[in-house]
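Taken together, the values in this text are just the output of simple stated rules run on the coordinates, not laboratory data. In this text, all values refer to a predicted model and were calculated from it rather than measured experimentally. Positions of Cβ are generated from backbone atoms using ideal geometry, with glycine treated the same way; all protein chains shown enter the neighbour counts.
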């Protein structure tokens with residue numbers, strides 16, 4: 001895996017509107033795997049996200065650290081489950097996708113790139129940067145159209161949202177879909193796209209982000225097997241034994 005700047009150079013070069021639409025069509029069919037949620041989590045024990053400088057553990061350990069932090073705070077069961085599965089869309093890596101279209105901060109495509117997107121200078125290599133419509137202030141969108149109608153760069157967030165959208169409450173789906181959208185929930189960009197629903201969902205995404213980042217400070221790694229009974233029971237409250245991926 002190349003260094004983080006090189007990763008973002010590849011990401012910002014190739015995440016075009018055309019690419020995003022193609023990936024949504026390809027993976028939106030959910031015909032790539034048939035497995036349970038815990039089974040997918042066990043796969044994550046073999047993946048370290050090289051694009052995230054804050055996470056040095058496997059993705060399974062990060063998932064359990066985040067979920068356990070949320071659990072200790074007495075958050076509702078759906079919130080605990082969301083913390084556990086928020087990064088499971090990174091299973092795309094095992095489906096053969098390059099990390100530049102699996103991980104990293106997400107951002108809208110089809111409109112002007114906001115100033116506070118990390119490594120914004122690398123969009124100079126993206127053909128959409130030179131398209132008169134896609135580089136205009138609002139691009140293909142209308143103000144306050146709602147984030148549900150916006151195409152974000154494709155990655156594990158969007159993929160996991162598609163996997164979960166029939167099983168979880170709106171707050172959980174917003175966390176899963178937008179937790180990597182840092183220029184929105186942390187930097188305050190793209191407010192012009194928000195509708196009333198997004199205003200409410202932003203509160204939950206911000207709350208989750210504190211746990212997502214804070215869990216990285218936990219020193220003792222959780223044990224998957226000892227925690228498995230609690231989390232498999234929790235998963236069963238929301239998901240059938242196997243789901244489509």
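Residues considered: 11, 166, 209. Largest GNM mean-square fluctuation over the chain, using C-alpha springs under 10 Å, is found at 166. Quick one: Cα centre-to-centre distance for region 151-175 and region 13-47, in angstrom? Result: 11 Å between the Cα centres. Full extension of the chain between residue 19 and residue 6 gives 2.8 nm of extra length, using 0.36 nm per residue less the Cα-Cα distance.
I need the calculated FRET efficiency for the pair residue 149 and residue 206, taking r as the beta carbon distance and R₀ as 30 Å, to the nearest 0.05.
Values: r = 21 Å, r/R0 = 0.72.
The formula returns an efficiency of 0.90 here.
The fewest-to-most ranking of 226, 180 by surrounding Cβ atoms within 10 Å reads 226, 180. Across the chain, the mean sequence separation of Cα contacts (distance under 8 Å, 6 or more residues apart), normalised by length, yields a relative contact order of 29 percent. The length gained by stretching the chain between residue 35 and residue 165 to full extension, at 0.36 nm per residue less their Cα-Cα distance, is 45.2 nm. When Rg and the Kirkwood radius Rh are both evaluated on Cα atoms of region 134-189, their ratio Rg/Rh stands at 0.98.
For the chain, the Kirkwood hydrodynamic radius from C-alpha pairs, put into Stokes-Einstein at 20 °C and a viscosity of 1.002 mPa s, yields a diffusion coefficient of 117 µm² per second. Taking 104, 74, 28 in turn, the Gaussian network model of the chain (Cα-Cα springs below 10 Å) assigns the largest fluctuation to 74.
Nearest 500 deg cm²/dmol is fine: what mean residue ellipticity at 222 nm does the chain get from its DSSP H runs of n ≥ 4 alone, each adding -39,500 (n - 2.57), divided by its residue count?
Working: 10 runs with 108 residues, N = 245.
Value at 222 nm, helices only: -13500 deg cm²/dmol.
Could you give the length gained on full extension between residue 187 and residue 115, defined as 0.36 nm per residue of separation minus the Cα-Cα distance, in nm?
Working: separation 72, 0.36 × 72 = 25.92 nm, distance 0.97 nm.
Taking 0.36 nm per residue and subtracting the Cα distance, the gain is 24.9 nm.
By the count of other C-beta atoms within 10 Å, a proxy for reagent exposure, 112, 29 are ordered fewest to most as 29, 112. The smallest convex shape that holds all Cα atoms of region 33-176, its convex hull, gives 140 Å³ per residue.
Scattering from region 86-167 was approximated by placing one identical point on each alpha carbon and applying the Debye formula without solvent; log10 I(q)/I(0) at 0.18 1/Å stands at -0.87.
Take 231, 141 and order them by how many other Cβ atoms sit within 10 Å, fewest up front. Before the final figure, lay out each step's value.
Numbers: 231 22, 141 19.
With the fewest neighbours first, 231, 141 line up as 141, 231.
To the nearest 0.05, how large is the calculated FRET efficiency for residue 77 and residue 227 if R₀ is 22 Å and r is the Cβ-Cβ distance?
Values: r = 15 Å, r/R0 = 0.67.
Computed FRET efficiency for residue 77 and residue 227: 0.90.
The C-alpha atoms of the chain define a longest principal axis, and helix 196-214 lies at about 60 degrees to it. With the biggest extent put first, the Cα atoms of region 159-241 measure 45, 33, 20 Å across the principal axes.
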